[in-house]
1. Can you give the FRET efficiency to the nearest 0.05 for F4 and K59, using r as the Cβ-Cβ distance and R₀ = 25 Å?
2. Once phi is turned into θ = phi - 60°, what whole-Hz ³J(HN,Hα) does the Karplus curve with 6.51, -1.76 and 1.60 give for every residue of the stretch 29-35, x standing for Gly and Pro?
3. Under 5 Å between amide H atoms, partner at least 5 residues away or on a different chain: which partners does D139 have, H built in plane at 1.01 Å?
4. Restricting to DSSP H runs of at least four residues, report the calculated mean residue ellipticity at 222 nm for the chain, -39500 (n - 2.57) per run over all residues, nearest 500 deg cm²/dmol.
5. Which percent of Cα-Cα pairs in the chain sits in each 5 Å bin, short to long?
6. Please report S49, S121 as a ranked list, fewest other C-beta atoms within 10 angstrom at the top and most at the bottom.
7. Describe numerically, in nm with one decimal, the distance between label points set 7 Å from Cα along Cα→Cβ at T93 and at S69.
8. Binning at 5 angstrom from zero up to the longest distance, how are the C-alpha pair distances of the stretch 53-125 distributed in percent?
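Throughout, read-outs are computed from the coordinates displayed, never taken from laboratory work. Computed from a predicted structure; not experimentally measured. Here Cβ is always computed from backbone atoms with ideal geometry, including for glycine, and neighbour counts include all displayed protein chains.
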Amino acid sequence: MLKFIQQVTCATRDGRTLDHCYTTIKGAYRSIPRARLGRSDHAMVYLESTYKQQLKCVKPTVKTVKQWSVNAMETIRGCFECTDWGVFNETATDIHEYTETVSDYITFCEGLCIPTKTITSCPNDKQTKTNQDAYKDNDKDKYKKARYAEKAVKTG
């Protein structure tokens with residue numbers, strides 16, 4: 001059986017609580033006493049919800065993302081083609097140092113050639129669906145839309 005919780009906690013008449021409001025959620029409302037009605041000895045009660053929307057509680061997140069485009073990929077490809085890769089092999093003493101040096105160089109070239117964009121996302125932003133997600137959900141319309149959106153990003 002459900003347990004009901006009294007939400008009115010303030011006095012409504014002569015230091016006693018005469019009004020009752022019950023819910024099944026503990027702490028769902030905060031009772032605030034208000035003015036008396038005319039010449040009555042009975043005070044009104046305002047029940048204020050304690051729930052706060054996630055949008056108001058959580059701050060937006062700021063992300064920096066790389067914008068991969070055909071032009072940017074051509075630029076980084078040109079950067080890699082003019083690189084003398086033998087220099088890395090000659091200076092490295094072991095495979096770990098060689099791997100770290102090459103991956104750092106690739107990250108450096110990526111930072112130079114690929115433009116970045118700062119995105120602010122709020123908790124109530126709708127998530128974009130990839131064509132793989134739509135395919136798994138067996139949703140043909142969303143699959144088509146996601147596929148066309150991915151093609152548009154790749155070509156433009």
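1. Details: r = 36 Å, r/R0 = 1.44.
Plugging the Cβ-Cβ distance into 1/(1 + (r/R0)^6) gives 0.10.
2. Once θ is set to phi - 60°, the couplings for the stretch 29-35 become 10, 10, 8, 10, x, 10, 5 Hz.
3. Close amide H contacts, sequence-distant or interchain: none at all.
4. On the way: 6 runs with 63 residues, N = 156.
Result for the chain, helices only: -12000 deg cm²/dmol.
5. Cα pair-distance distribution for the chain, in percent: 1, 7, 8, 8, 8, 8, 8, 7, 7, 6, 5, 5, 6, 5, 4, 3, 2, 1, 0, 0.
6. Details: S49 8, S121 11.
Arranged by neighbour count, lowest to highest, S49, S121 become S49, S121.
7. 4.5 nm
8. Histogramming the stretch 53-125 at 5 Å steps yields 3, 14, 17, 14, 12, 11, 9, 8, 6, 4, 2, 0 percent.
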